[in-house]
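Inspection log for the structure reproduced underneath, given as structure tokens.
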Amino acid sequence: MARNPDQKTDRPSLGLTWTRLSRAALISSLSLIPLSQVFAAPLPTALTTAISQTTPQLNRSQLSQAQLKQSTSDVLPIPLAIVQPNGSTITIQVINATGAELNYQVIGDTQFRVLGAQSQATLQDLSIPTTVTFRRNDGGLVTATIETSSAAGELTLILQQTSDFTADRTALRVEPNGSVYLN
């Protein structure tokens with residue numbers, strides 16, 4: 001039901017324009033200042049001068065280098081497995097347990113290949129780093145499990161169907177140090 005702005009209410013008039021956020025915070029016993037008061041007054045000159053004198057000035061390249069250092073050190077994921085490379089190569093056994101055909105590719109080494117339902121393929125002498133991509137031909141979702149072998153440089157990738165979108169995986173990455181990641 002639309003409310004007429006001229007209509008009187010039994011609520012006391014606060015004489016200020018409040019946002020929905022301010023009303024919600026007031027209702028939940030938080031004290032907020034109306035937005036019109038927050039943005040109305042500029043910072044005092046003395047405070048602005050003090051901030052600029054104490055804040056180090058970085059040029060754009062220094063700022064982007066600082067952001068890059070922070071982002072790369074904070075973002076590195078924990079590997080799901082670690083395989084001991086056999087020299088600079090590894091062997092990956094791919095097992096398709098999805099019940100549907102899969103396309104897979106070793107980036108830079110092979111073209112897309114088809115792996116039949118309930119079958120397996122062994123990819124030998126893959127130089128690392130390497131990335132293996134995979135997807136179901138019917139568009140279904142795939143979850144992946146990694147198993148390492150006691151033999152040097154061997155890894156098993158088991159692909160199964162899933163209905164969980166958050167568990168869907170499309171690539172396996174092996175880094176030069178043997179760290180294994182799924183994406």
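The values are calculated or read from the model by the stated rules, or taken from the named source; none is laboratory data. All of these numbers come straight from a predicted model, not from anything done at the bench. Just so you know, the surface numbers come from the protein's heavy atoms only, side chains and all, with ligands and any DNA or RNA stripped out. Shrake-Rupley method; radii C 1.70, N 1.55, O 1.52, S 1.80 Å.
What to note about this one:
- Sorting R173, R135 by solvent-accessible area of protein heavy atoms yields R135, R173, largest first, with a 1.4 Å probe.
- Where region 66-183 is the region considered: accessible area per residue in Å², 1.4 Å probe: 57
- Legend: residues V114, V142, sorted from most to least accessible area (1.4 Å probe; ligands, DNA and RNA excluded), read V114, V142.
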